[in-house]
1. Take the residues in region 177-190 that are without any contact (Cβ under 8 Å) to a residue 24 or more places away in the chain and closer than 16 Å to LEU63 by Cα, then tell me which one is most open to solvent (accessible area, probe 1.4 Å).
2. Give the residues of region 49-67 that are within 15 Å of ALA27 (Cβ to Cβ) and not aromatic (Phe, Trp, Tyr), sorted by residue number.
3. Tell me, please, whether a residue that is loosely packed, with under 14 Cβ neighbours inside 10 Å, within 20 Å of the chain's Cα centre (by Cα) and among the charged types (D, E, K, R) can be found in region 133-142.
4. Is it true that some residue in region 129-144 is free of Cβ contacts under 8 Å to residues at least 12 places away in the same chain, of a type outside the set (Ser, Thr, Tyr) and over 30 Å from ARG98 (Cα atoms)?
5. Report whether or not ALA31 is of a type in the set (A, V, I, L, M, F, W, C) and either under 30 Å from VAL149 (Cα atoms) or in a helix (DSSP H, G or I) (or both).
6. Among the candidates GLU155, GLU173, single out the residue that is exposed (fewer than 13 other Cβ atoms within 10 Å of the Cβ) and not in a loop (DSSP other than H, G, I, E, B).
7. Specify which of the listed residues (ALA78, ALA67) is touching a Gly at 6+ places or on another chain (Cβ under 9 Å), surrounded by 14 or more Cβ atoms within 10 Å (Cβ to Cβ) and more than 25 Å from GLU155 (Cβ to Cβ).
Amino acid sequence: MTESGQRLIYITGGLYMGLEDGLPGQARAAATEHGVPFEMLGRADLGRRFPQFQLPDSFIGMLEPNAGFVIPERAIAAHAGLALRHGAELHGREAVVRWSADGGGVSVTTGRDTYRAQRVVFCGGAWSERLVSDLGIPLKVTRQALGWVWPKRPELFELGRLPVWTIESPGGEGLHYGFPMMPDNPGFKL
């Protein structure tokens, strides 16, 4: 629990599946570089421990036991509520017209007013690329289509039985990911 009184993060483990020189190998290299604990799983281990997945024989897995997920709607609501309790002012539904930074901080101009702060956090979603274009940081915002399905054996996909997971397409043309089933969701989210 947090100061908000809500559970915001779920540590489920993170499973990365694909070819050895693909996603699992890249995840292993990053984990090794940053001292993150992990376990490599061969194809037989994957089939035994995670029968939810029907994988090509050439696939392996990398399991990161300390990975998990955050419920974003709860986290945003908790953040806003705590900020208000600690004296913050929130200005919703004000379109940002422009922003600038100088040695004294940041200026953000909206349709209503101009605000000064020490720092700014950009949370523009699909509009982030336009918001930060002056920084020279290339962003590629992509749409992530979500789906909820009801598996034949839902108990295999429940929270506590399945980690968050990412799998590369057998041809290497993309990634798919998903989350364990939560009691308040309409199925298995992927």
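1. TYR177
2. As a first pass, look at region 49-67 and keep what is within 15 Å of ALA27 (Cβ to Cβ): 59-67.
ILE60, GLY61, MET62, LEU63, GLU64, PRO65, ASN66, ALA67, listed by residue number.
3. yes
4. No, that holds for no residue.
5. yes
6. Exactly one of GLU155, GLU173 is exposed (fewer than 13 other Cβ atoms within 10 Å of the Cβ) and not in a loop (DSSP other than H, G, I, E, B), namely GLU155.
7. Numbers: ALA67 fails: more than 25 Å from GLU155 (Cβ to Cβ).
Step by step, each of ALA78, ALA67 is checked, and only ALA78 is touching a Gly at 6+ places or on another chain (Cβ under 9 Å), surrounded by 14 or more Cβ atoms within 10 Å (Cβ to Cβ) and more than 25 Å from GLU155 (Cβ to Cβ).
Per-residue answers, yes or no, for (1) surrounded by 14 or more Cβ atoms within 10 Å (Cβ to Cβ); (2) in contact with a strand residue (DSSP E or B) (Cβ under 7 Å, 6 or more places away or on another chain); (3) not small (Gly, Ala, Ser):
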residue: PHE38; (1), (2), (3): yes, yes, yes
residue: GLN52; (1), (2), (3): yes, yes, yes
residue: PRO56; (1), (2), (3): no, no, yes
residue: ARG74; (1), (2), (3): yes, no, yes
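The values are calculated or read from the model by the stated rules, or taken from the named source; none is laboratory data. Please read these numbers as outputs of a predicted model, since none were measured by experiment. Ideal geometry is used to build each Cβ from the backbone, glycine not excepted, and the neighbour counts take in all protein chains shown. Remember, those area values only see protein heavy atoms, side chains included, never the ligands or the DNA or RNA. Shrake-Rupley method; radii C 1.70, N 1.55, O 1.52, S 1.80 Å.
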